[in-house]
Amino acid sequence: SIDTRNGDYEKEIYLQNKSASIGLSPQIYQVCVNDSEHTALIIMSKLDKTMDVVVKEVLLSETMDIDTKKIIILGLLKTAVEILQKLHYIGITHGDAHLQNFMFNENAGRWQIIDFGLSTESAATVNEDFTKLFDMFYTKIGLGVGTDIFEGQSISELLGSEYFNFLEERRPTK
């Protein structure tokens, strides 16, 4: 449930619906507002694990070798950044991007972003440097499990310029 006292919950619902319209977040089916308790309950698609949980499971796995772990985690980070990039393309800045806000929607078969409480609407952004987002997520990997599987390399070094060129080519033109 979300707090309705500040009135921002309507903006949160609007921005999540805008994001859901292109599959980036779960569809909202119903919003139940309890005025006496100043809360709103958002009923949406069932979601499964958060991305941070999956990353920790991969890091702690005893059945995967280090290269497999790197491939899986880099793939998850790429997915998170691509979701944020697409949000920016439709004029939404999430404002609270961390791996706990990316959840797997098993019914849709894809990762989606949740929690639009700090989101803002702005002009669509197509010329943004998303390497900073990779670095932000990367620095949080391994926290709590004490594992640096990337051996001190920056996320930009790990992904290489080819990936960022690929992102650049996928940017829509206005």
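The values are calculated or read from the model by the stated rules, or taken from the named source; none is laboratory data. Being a predicted model, the structure only gives us computed values, none of them experimental. The accessibility values were calculated without ligands, DNA or RNA, using every heavy atom of the protein model including side chains. Shrake-Rupley method; radii C 1.70, N 1.55, O 1.52, S 1.80 Å.
Summary table
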read-out: Cross-link pairs 49/69; 49/78; 56/86 - those with Cα-Cα distance over 20 Å; value: 56/86
read-out: In sequence order, calculated HN-Hα J values of region 76-85 (Karplus, 6.51, -1.76, 1.60; Hz; x Gly/Pro); value: 5, 5, 4, 4, 4, 5, 5, 5, 5, 4
read-out: Accessible area in square angstrom per residue, region 33-90, 1.4 angstrom probe; value: 52 Å²
read-out: Percent carbon-and-sulfur accessible area, region 1-80, ignoring ligands, DNA and RNA, probe 1.4 Å; value: 52 percent
read-out: 3J(HN,Hα) from dihedral phi, region 30-39, Karplus parametrisation 6.51/-1.76/1.60, rounded to Hz, x for glycine, proline; value: 7, 10, 10, 9, 10, 4, 5, 9, 6, 10
read-out: Largest-first ordering by accessible area, 1.4 Å probe, given options 10, 82, 62, 121; value: 62, 10, 121, 82
read-out: Interchain or long-range residues, amide H under 5 Å from residue 44's placed H; value: 29
